[in-house]
Amino acid sequence: LQSLAAPLTNIRQPLPSDAMSWLVLLLPLAAVAHEYEFPADRVLSALSDGGCPPGSGLRSWLCDAHIDIDHYELDNVGGFNIKLDGVRCSTFKVGDLSSAVSRRGAHNVTLSVAADELSFNCSIRRLDAKQIAFPHAEAIGKGTAGISGATLRAGLVAHLTEGVPRSVVTDERNCSLAVDPKRVELDLTGNIWIKLINAIKGVLIQTVVGQLPSIVTKLRSKADAALAPLVSNLTAYAEAAPPPELPEPPYKPALANWSASEAVAVADYVLNDVVGTDGPLGLNRIAELLTNGTGSLALNASGLLPPLELPVSRLGNLSLNVSLLNLSHLPSFDELNLLTPSPSEPLTLRAAAGMTKLGLGALAKLRVTPGMGSISSFPLLEMLELHFLLDATHASAALLLAVNASALQTSDPRRLLDLPCLLRRAGVNASLRALRLNTSVLQLRVKPVAQGELETELDDALNAAAAFFLATYDTLLPRLADNVAAGPVREALDELLRRLLAQAAEAAEAAAEAAEAAGGVAPEGGACKPLPPLPPPLPPPPPPDRDSVDWRRVEPLVGLNDVLASLPAAAPWLVGVLTHHSGIVNFSLPPVSLPLGPLLGHGPAPRPLLLGVHVHRLSVGGLETVRRLELLKPLAAEPTGLESAAALGRLSLAADVEFRLVAGEESSLRGWPLSTEEGWPWLALAAGARSGARSGA
């Protein structure tokens, strides 16, 4: 048998498919095949070559992974129709992974990815091969196969018309699977016909390898059919007009008219003129202080953003967890308009903000969890660093805020800080009418996080895919971002706003019911907490009489003020001695925590958000310029009056302050060191009081 099979396995021409040729080849083998037992399930060299590398990286994950194919059919392979059942491929190994993005002419953008030195092994639970000319001669068995040294190339090409992608299809020039027949191992066991096929497997391997281009063509057709609706829908969505603004409901006199509100006018002046972009307390200056002049701010986002779960059909789940956010180019605000009313929209407040440039960076952990379907392996963890650079970013929003004006006017001002009470008394109803975003993406890239050679190559491939997407949709991205903001993002934020108001209203109702159950009568406004009484006004000082102390006649007090009056002349010498001639007095203050309200994050319950402020150093300068210093100086025209006053020619303050956001009691989110100096050319403080002390007291 071996002498008969040896020349057959060396045949380098395609096997003839006519029935007579097959019969001539197989009859001599059939005469002796029953006397020879073929080895069963021998270990292939590709499987035993080196084993799987230890660790949890991409190479180990690929080597441990296995792909199950329940059923697959190959038609007319060397005159056979072949059915494969229970195919499991495993031990995937990749020698090198490369990627590239290029332009092909003026209207085409290509993405190519290549995996070289690809090897894997497959086991076949059942193989059923029927010769087309002799369907009753059915070969049934099982086997194993191993492929090594293969090269897989895949590519996409985007066809652009005036910068707009009209189609994205697989690239015929860059889609191929090259396999050397000499590096394919096949071992089959089964009935007599399987044994005959196994004897001439070299011919069969060459025939199957020759079928690979047609198989790749079929796969390309399926991929193109899947890409076509995705590309057309995305292009159509980007080219469509953004959703219109929600209309403002008719105005009712009982509601607050924001365009005629003095409080809104004052807030508008403070936020837009005093603060603004470059005002005395402008955002650009605050951004420079918060970032120590770097313009970049890093935020620990592990407790703020929930993981993004992306189920991928039966293949499993992708989970993207952002652990760190980095904002750059922050001192580049060029527009800030908050709480801007309009006479034609009495119930709406508009806001707008813009930046000339904005950088967004994210350190994310990608977790690939294979499902119960075709692919199985342990979860793969990959670290990715994403970077966006946006140009001329401007956002605007219109907030509908309907509030009962009479309830606000008659309510105690202290009630404004009691949200359940305010919601119950004022009947607050809010809705996000519009949200618009105008931006251009200058850069979108994936920066490799060094873990292993193959991980770096994978990050390069993802970076190439991002560059391909940016080059394909460059002209449509601004409109796409605007449509996404005006559509699903606005709807999600509006739903969040309504849910928060509903939760606050439920809390108000619960508080009202609890108050009625406890005392029988609900407090004012149902959900309003009882307010402590205001302190009574201070009584007027008693008129001077013969029993009142005349501070002008208290000699120690007069002497003290005479001494203090002489201090300004000696202030430079005294301050120099006390400060070692630096002229600066340093203080340190203990840290304090200020509650900012509940933190809106994922989890069973919202956690409190605290702002920690720690003044590490407070330096006061200019004390040597004291011009006036009076403590409890008697008033010449009023015997019971005392006056305190101080005047300085110059005062400067410098501080090293650290701000820290704290979620809950222990989880520290991020600390920002801040160094600032403020100075005033002059400062004068004075206070006066009348005393009602009596001589017998």
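Brief remarks on what is shown
- Where Trp258, Trp193, Trp573 fall by accessible area, highest first, once all protein chains stay in place (1.4 Å): Trp573, Trp193, Trp258
- Per-residue SASA entry for Met383, accessible area with 1.4 Å probe, Å² rounded to 10: 40
- The separation of the range 162-213 from the range 340-358, counted between C-alpha centres, amounts to 62 Å.
- Zone of Val615's modelled label, taken as backbone nitrogen in the range 566-595 under 14 Å from a point 7 Å along Cα→Cβ: 585-593
- Placing unit charges on the Cβ atoms of the charged side chains and taking the dipole of the range 101-182 about its Cα centre, the candidate lying farthest along the positive direction among Leu177, Ala106, Pro135 is Pro135.
- Solvent-accessible area per residue, Å², over the range 187-226 with all protein chains present [probe radius 1.4 Å]: 44
- Rounded percent of accessible protein surface that carbon and sulfur make up, the range 184-243, 1.4 Å probe: 71
- ³J(HN,Hα) computed for each position of the range 169-185 - Karplus, 6.51 cos²θ - 1.76 cosθ + 1.60, integer Hz, glycine/proline x: 10, 5, 8, 4, 6, 10, 10, 6, 10, 9, 10, 7, x, 5, 9, 10, 10
- Peptides 213-220, 475-482 ranked from most to least packed, by the mean per-residue count of other Cβ atoms within 10 Å: 475-482, 213-220.
- Here the calculated FRET efficiency for Ala351 and Ser566, from their Cβ-Cβ distance with R0 = 45 Å, stands at 0.20, rounded to the nearest 0.05.
- Order by protection proxy (mean Cβ within 10 Å, highest first), peptides 222-230, 436-444, 460-468: 460-468, 436-444, 222-230
- Partner lysines whose Cα lies under 16 Å from the Cα of Lys218, excluding those fewer than 8 positions away in the same chain, are not found.
The values are calculated or read from the model by the stated rules, or taken from the named source; none is laboratory data. Quick caveat: nothing in here was measured; it's all calculated off a predicted structure. Note that we place each Cβ from the backbone using ideal geometry, even for glycine, and neighbour counts take in every protein chain shown. Surface areas here come from the heavy atoms of the whole protein model, side chains and all, with no ligands, DNA or RNA. Shrake-Rupley method; radii C 1.70, N 1.55, O 1.52, S 1.80 Å.
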